[in-house]
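Note sheet for the following structure.
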Amino acid sequence: MGRNQFSWPVQIYYEDTDSGGVVYHSNYLNFMERARTEWLRSLKINQQILKKELNLLFVVHQINIKFIKPAIFNDLIDVETALKQLTSVRVKLEQHIKRNHDLLITASVVIVGVNARTFKPVRIPEQIKSLMECK
């Protein structure tokens, strides 16, 4: 995987599942959020520093998710994150959740940079964009 593609392993615990032992649908959003955070960390982008020093937050603007197959208790899944498009204020990512090579979930996620106080869109600093683009 390239630097703008990232994979994060997730072990499925009993608490992640419903009474049938299947991962509850909203938990996939949590898994994808953690993978996006770890992707940023792997690029040496610290979200606390972005907020404190640059007054910048990344927030989810849109998610389109397709549930294909369920994960179940004790599965080890991989949450893959890939940069698809980067503009002055938006980051478009594709995320896939797989068990081995079996595709379980696909999602298109649009993240926007916002001012940490007003929550209005702001430009993503060039140094951050460069890290995301692996320039």
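Within the group I68, I97, I63, which residue is modelled with pLDDT of 95 or more, surrounded by 17 or more Cβ atoms within 10 Å (Cβ to Cβ) and either touching a helix residue (DSSP H, G or I) at 6+ places or on another chain (Cβ under 8 Å) or farther than 27 Å from M132 by Cα (or both)? Even if it seems obvious, please write down each step before you answer.
Numbers: I68 fails: surrounded by 17 or more Cβ atoms within 10 Å (Cβ to Cβ); I63 fails: surrounded by 17 or more Cβ atoms within 10 Å (Cβ to Cβ).
Just a single option satisfies the conditions, and that option is I97.
Can you list residue pairs whose Cβ atoms sit under 9 Å apart, with the first residue in the range 101-126 being among the acidic types (D, E) and the second being in a loop (DSSP other than H, G, I, E, B) and open to solvent by 20 Å² or more (accessible area, probe 1.4 Å)? Count only pairs 6 or more apart in sequence or on different chains.
Listed by first residue and then by second, the contacts come to D102/I68; D102/K69.
Using the structure shown, decide if T118 is within 17 Å of the chain's Cα centre (by Cα) and among the hydroxyl-bearing types (S, T, Y).
Working: within 17 Å of the chain's Cα centre (by Cα): no; among the hydroxyl-bearing types (S, T, Y): yes.
Considered against the rule, which asks whether it is within 17 Å of the chain's Cα centre (by Cα) and among the hydroxyl-bearing types (S, T, Y), T118 comes out as no.
Here are some residues: F119, F73, F31, F58. Which one is touching a Phe, Trp or Tyr at 6+ places or on another chain (Cβ under 6 Å) and of a type outside the set (S, T, Y)? If you could, list the steps in order and put the result at the bottom.
Details: F119 fails: touching a Phe, Trp or Tyr at 6+ places or on another chain (Cβ under 6 Å); F31 fails: touching a Phe, Trp or Tyr at 6+ places or on another chain (Cβ under 6 Å); F58 fails: touching a Phe, Trp or Tyr at 6+ places or on another chain (Cβ under 6 Å).
Just a single option satisfies the conditions, and that option is F73.
Determine which member of the set I63, I45, I97 is over 18 Å from P9 (Cβ atoms) and touching a Ser or Thr at 6+ places or on another chain (Cβ under 9 Å).
Values: I45 fails: touching a Ser or Thr at 6+ places or on another chain (Cβ under 9 Å); I97 fails: over 18 Å from P9 (Cβ atoms).
Of I63, I45, I97, the one residue that is over 18 Å from P9 (Cβ atoms) and touching a Ser or Thr at 6+ places or on another chain (Cβ under 9 Å) is I63.
Filter the range 26-70 down to the residues that are touching an Asp or Glu at 6+ places or on another chain (Cβ under 9 Å) and not aliphatic (A, V, I, L, M) and list them by number.
Scanning the range 26-70 gives N27, N30, F31, K69.
Do you know which of the residues in the range 105-135 that are more than 15 Å from L86 (Cβ to Cβ) and either at pLDDT below 95 or β-branched (V, I, T) (or both) is most open to solvent (accessible area, probe 1.4 Å)?
Let us first name the residues in the range 105-135 that are more than 15 Å from L86 (Cβ to Cβ), namely 105-107, 114-120.
Of the ones still in play, those that are also either at pLDDT below 95 or β-branched (V, I, T) (or both) are 105-106, 114, 118.
On the way: I105: 1, T106: 35, V114: 5, T118: 81 Å².
Selected residue: T118.
In the range 5-28, which residues are open to solvent by less than 50 Å² (accessible area, probe 1.4 Å), farther than 29 Å from V114 by Cβ and part of a strand (DSSP E or B)?
T17, V22, V23, listed by residue number.
Checking K44 against (1) on the phi < 0 side of the Ramachandran plot; (2) touching a Leu at 6+ places or on another chain (Cβ under 7 Å), which single condition isn't satisfied?
(1)
The values are calculated or read from the model by the stated rules, or taken from the named source; none is laboratory data. Computed from a predicted structure; not experimentally measured. Every residue, glycine as well, gets a Cβ built from its backbone with ideal geometry; the counts of neighbours run over all protein chains shown. Surface areas here come from the heavy atoms of the whole protein model, side chains and all, with no ligands, DNA or RNA. Shrake-Rupley method; radii C 1.70, N 1.55, O 1.52, S 1.80 Å.
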